[in-house]
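Student: My questions will all concern the structure given below.
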Amino acid sequence: MSDTAETLENLLKEDRRFEPPADLASNANLTAEAYDAAEKDREAFWAEQAERLTWDTKWDRVLDWDNAPFAKWFTGGKLNAAYNCVDRHVEAGKGDKVAIHWVGEPEGDTRDLTYADLQREVSKAANALTELGVETGDRVAIYMPMIPEAIVAMLACARIGAPHTVVFGGFSADALASRLDDCQAKVVITSDGGYRRGSASALKPAVDEARTKTDVVRKVLVVRRTGQDVAWDDDVDVWWHDVVDSASEEHTPEAFDAEHPLYVMYTSGTTGKPKGILHTTGGYLVGCSYTHWGVFDLKPDTDVYWCSADIGWVTGHSYIVYGPLANGVTQVLYEGTPDTPERGRWWQIIEKYGVTIFYTAPTAIRSFMKQGHEIPDRSDMSSLRILGSVGEPINPEAYVWYRHVIGGDRTPVVDTWWQTETGSIMISPLPGVTHGKPGSAMKAIPGITTDVVDDEGNSVPNGSGGYLVVTSPWPSMLRTIWGDDDRYVDTYWSRFKKQGYYFAGDGAKKDSDGDVWVLGRVDDVMNVSGHRLSTTEIESALVSHPKVAEAAVVGAKDEDTGQAVCAFVILREEAGDGGPEIVQELRQHVRKEIGPIATPRQIMIVPELPKTRSGKIMRRLLRDVAEHREVGDVTTLADSSVMELISEGIDKGA
Ligand code: 6R9
C-alpha cells in the first residue's frame, strides 16, 4: 500500500496538459453542454442516445429500477442487434461501404468485406445455425482467431437471439470446458487454427479435448482457416463451408425484447470460478454506440477505425463488433501479433489503410516504447487523429510517448476506464473538450455518474483516495452473473448497499481538480497485459498438480505487462525438492490448465506461506518479496519467522 501511495504521489506531480486541437473542438460530436444535459435529466439523455438505434417497437419506459439492482432499460422496446449493425446500413444505401478491412497475419493475406457482404454472410450463418438446431435463447460458444467469420458468427447468433459466449482463443481446453459447461453451450463455432507469430496455431484440438470434459455440446462448426489437419467426429463436427456457404442469403431478423440476453462474457472474479457476465440487447447497444461515437468523436463517413483488441475480450465485443458496426464505420481487423513478420507491422497497417482512430492497450504501448521510435517513424501515420487506451492505468511516460511518437503530437489520447461488467466506456476524457492529463482517465462521460468513496461510502475530498463506484444505473450495465443472481448482488451491490452504489473493485484517487486516477484492483484480481486473472484461479491450477501442497499467487509490478504472475509454492513432502525441472513443470501445468497468459513469470518454492492467525495468506508480504522490497509489517502473522524462512529459501534457490 505504501508503495502504491508513493507511486501515486509521483503520478500526481505530473503536470503536463494537452488541450484539444482547435479544429476537433469546434466540430466535436460531444461538447461540454452534454454533461449539463445529462445531469439535468439523465433518463431523457439516454432516451436521446437510444434514438441512434433502429427500434422495431419503441420502448415505453427508459429505466425500470424497481427491482434494484436488477435493471431493465428501454422496457417494452424491441430490436435486433444484427439488423442494427448490418442491414440498416445496407438499407440506407451504404451496402458498398467497406465494413472490415481484414488483414491476416501472413503478408498479403487480406480481405475486404462491405456491409452488403456482411449482410449476406451473417444471414447465411444465421440460417445455418438454425439448421443445426440452434433456437432463440440457446447458448453458442465461439472459440476463434481474429478472422471475419468470428464477427459473422457473433452477429449470426445475435440475429437469431442465441446468446454467444466468446472464449479467448488463447485459453486452454480446461478453461473452455468450464465455460461451455457453465453456460451449457449447445454449439461451438471454431476454426482449424489461426496464424500467430508466423505459424499456424491449432484451435480445434482444444475443442475436441474440452468435449471430453463436458457433454453439453451437440455440434461443432469449424471454419477452415489454416488448412491444417484436424481430427473429425462425423456425428458432431461440421465444416462451415459445407453448411454456411450453401445456406440461403435471405434471412429476416426477428425483433427481440430490449432485455433479451445478447451475450455472456466470462471474466475473473475474486474466487476461482470465472463469472459469466450477462449483457442484454437494447441498453448494451445504446451504451456501445453512444460511447464509440462520443469518446472517439467518430465521423462515420470519413474515419477509418482500428481497435487492436481480441474479440475474446469485452473490448473486442463493444469496440470491434457492436459499437463500431452499429455506427456503420469502416474498420481494420488484424489477425496476428504486432511483431510478425516484423516489428513495424501495426504501423504499416495504419499507413496502408489510413487509420484515423486507433485504440489499444498500455501493455502494447510499453513494449513499443522499449523498441524505440525508429520503427514507428518509418511509417506515415499522419492520418491518425485520435488515440485510445484501455485495460489498465496508462503510465504518464507511455501516454506521452504514444501521443508524441504514434500521434505526432496532434492526437488527443483518450484513456478510457471501463470493465466487462460496465459494457462500455464510463470514465474518459472527451477529445474535443478535455484538457488531457497523462495518467488520468479524468471524469465520467456524460450520462454516467461515478465517485471515489471511503469505507463507509462517503465521497472523499479532492486529493484523497478510496474506492471507485458508479452511483446510478447505466444502460450497458451487466444484468447479472449467468446463473448466479446472488453472486451478482454480493459482488457488486453489497459493499455500498446503503447508498446503492455499484462497487467496481478498483481503487482510485481524485486529484486537486477532482479528476480520477485509477490505481488498479483492490481485490485479488491481477491485471496482466490488460487481462484480468484471478489469483485464486491460478492457485487452484497449481494445487491441482500432484507435487504441490499449497500455493499463493500475487501480481508483482512488471515493466512490460503491468503486473506479472508470481507464485509461491509449497511442495508435498513426498515430492522432495520436486526435481530439477520442477519450476518448468509447474509453469507448463498452469499454461495447460488456464492458458499461456496465466503462466507465472516466477515460481518460488518455499517451505511456508505467511498467514494471519485466521489463516488468511498475507499476499501483501509476498508481493514485497516478489517486487524485491523490504518486507513490510509482519506483526499480524501467526508465525513471524516465516518470512525469514521464505527469504532464506529463495536466496538458496537463486
Ligand atoms: C475494458 C476492460 C477491467 C479492469 C478494471 C481496471 C482495469 C481498464 C482501465 C483500467 C485504469 C483504465 N482498467 N481500463 N485501469 N485505467 N483506462 O479492460 O475490461 O477486462 O473487465 O478489466 O481493468 O482494473 O477494473 P476488463
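The values are calculated or read from the model by the stated rules, or taken from the named source; none is laboratory data. Since the structure is predicted, the reported quantities are computational estimates derived from the model, not experimental observations. Heads up, the Cβs are rebuilt from the backbone with ideal geometry, glycines too, and the neighbour counts pull from every protein chain shown. Keep in mind that these areas ignore ligands, DNA and RNA; they rest on the heavy atoms of the full protein, side chains included. Shrake-Rupley method; radii C 1.70, N 1.55, O 1.52, S 1.80 Å.
Student: Given a Förster radius of 45 Å and the C-beta distance between residue 67 and residue 374 as r, what FRET efficiency does 1/(1 + (r/R0)^6) yield to the nearest 0.05?
Tutor: My answer for the efficiency is 0.20.
Student: At a temperature of 25 °C and a viscosity of 0.890 mPa s, determine how fast the stretch 1-130 diffuses translationally according to Stokes-Einstein, using the Kirkwood radius over alpha-carbon pairs as Rh; express D in µm²/s, rounded to the nearest whole number.
Tutor: Rounded to a whole number, D works out at 123 µm²/s.
Student: Quote the relative contact order of the chain in percent (integer), defining contacts as alpha-carbon pairs under 8 Å separated by 6+ residues.
Tutor: Reported relative contact order: 13 percent.
Student: Next question, about the same structure. Heads up, I need the accessible area for residue 78: 1.4 angstrom probe, whole protein in place, Å², nearest 10.
Tutor: It works out to around 80 Å².
Student: Distance between Cα centroids, the stretch 342-419 to the stretch 68-142: provide it in whole Å.
Tutor: Centre-to-centre (Cα) distance: 29 Å.
Student: Over the Cα atoms, compute the radius of gyration (one decimal) and Dmax (the largest Cα-Cα distance, rounded to a whole number) for the stretch 486-566, in Å.
Tutor: Considering the stretch 486-566 through its Cα atoms, Rg and Dmax are 16.1, 54 Å.
Student: Mind checking the full-extension length gain between residue 136 and residue 455? Use 0.36 nm per residue of separation minus the Cα-Cα distance, one decimal, nm.
Tutor: So the chain would gain 110.5 nm between residue 136 and residue 455.
Student: What do you get when you divide the Cα radius of gyration of the stretch 292-338 by 2.2 N^0.38 Å, with N the number of residues?
Tutor: Normalised Cα radius of gyration, the stretch 292-338: 1.09.
Student: Within the stretch 456-478, list the residues whose amide N lies under 19 Å from a label point set 7 Å along Cα→Cβ of residue 629.
Tutor: Once the point is set 7 Å along Cα→Cβ of residue 629, 465-467 turn out to lie under 19 Å by backbone N, inside the stretch 456-478.
Student: Average projected area of the Cα convex hull of the stretch 163-230, in nm²?
Tutor: Averaged projected area of the stretch 163-230's Cα convex hull equals 4.4 nm².
Student: Compute the distance in nm between two label points, each set 7 Å from the Cα along the Cα-to-Cβ direction, one at residue 560 and one at residue 489.
Tutor: 4.6
Student: Averaged per residue, what accessible area in Å² does the stretch 279-403 show with a 1.4 Å probe, protein chains only?
Tutor: About 25 Å² of surface per residue is accessible.
Student: Another one. What share of all Cα pairs of the stretch 434-556, in percent, falls into each consecutive 10 Å distance bin?
Tutor: The calculated distribution, bin by bin, is 12, 33, 34, 15, 5, 0.
Student: Hey, another quick one. I need the fraction of alpha carbon pairs in the stretch 268-350 separated by more than 20 Å, rounded to a whole percent.
Tutor: 45
Student: Which order do 313, 517 take when ranked by solvent-accessible area (1.4 Å probe, heavy atoms of all protein chains), largest first?
Tutor: Of 313, 517, the descending order of accessible area is 313, 517.
Student: Could you state the orientation-averaged shadow area of the convex hull built on the Cα atoms of the stretch 204-243, in nm² to one decimal?
Tutor: Computing the convex hull of the Cα atoms and averaging its projections yields 2.9 nm².
Student: Give me Rg over Rh for the stretch 73-143, both radii from the alpha carbons and Rh done the Kirkwood way, two decimal places.
Tutor: Answer for the stretch 73-143: 1.06.
Student: Also: Using a probe of 1.4 angstrom, how much of the accessible area of the stretch 92-231 is carbon and sulfur, in percent?
Tutor: Percent of accessible area from carbon and sulfur atoms in the stretch 92-231: 42.
Student: Determine how large the accessible area of residue 623 is when every protein chain is in place; take a 1.4 Å probe and give Å² rounded to the nearest 10.
Tutor: Number for this one is 80 Å².
Student: Go from 0 up to the bin containing the longest alpha carbon distance in the stretch 378-490, width 10 Å each, and give me the % of pairs per bin.
Tutor: It works out to 13, 35, 32, 15, 5, 0, in whole percents.
Student: On the Cα set of the stretch 301-417, report Rg and Dmax in Å, please.
Tutor: Radius of gyration, then largest Cα-Cα span, for the stretch 301-417: 13.2, 37 Å.
Student: While we're here: Which length gain, in nm to one decimal place, applies between residue 44 and residue 549 when the Cα-Cα distance is subtracted from 0.36 nm times their residue separation?
Tutor: Here the answer is 176.1 nm.
Student: In whole angstrom, how far apart do the alpha carbon centroids of the stretch 560-599 and the stretch 456-519 sit?
Tutor: First find each Cα centre; the distance between them is then 34 Å.
Student: Using only the Cα atoms, work out Rg/Rh for the chain, with Rh taken as the Kirkwood radius, to two decimals.
Tutor: 0.95
Student: What does the convex hull of the alpha-carbon atoms of the stretch 59-113 project to on average, in nm²?
Tutor: 6.6
Student: Heavy-atom accessible area per residue, the stretch 14-145, 1.4 Å probe: how many Å²?
Tutor: On a per-residue basis, the stretch 14-145 sits at 46 Å².
Student: Here's something else I'd like to know. Probe radius 1.4 Å, ligands and nucleic acids left out: which of 369, 604 has the largest accessible area, and how do the rest follow?
Tutor: Output order, biggest surface exposure first: 369, 604.
Student: Still on this structure: For the stretch 169-284, I need the span (max minus min coordinate) of the C-alpha atoms along each principal axis, in Å, sorted largest to smallest.
Tutor: In descending order, the Cα extents are 44, 41, 31 Å.
Student: Follow-up question, since we're still on this one. Heavy-atom accessible area of residue 45 with all protein chains present, probe 1.4 Å, nearest 10 Å²?
Tutor: Taking all protein chains as shown, residue 45 has close to 10 Å².
Student: Could I ask something else about it? Starting from 0.36 nm per residue, how many nanometres of slack lie between residue 250 and residue 591 once their C-alpha separation is accounted for?
Tutor: Net length gain for the segment: 118.4 nm.
Student: Taking residue 58 as the anchor, which lysines have their alpha carbon closer than 27 Å to its alpha carbon, excluding any fewer than eight residues away along the same chain?
Tutor: 40, 72, 78, 94, 299
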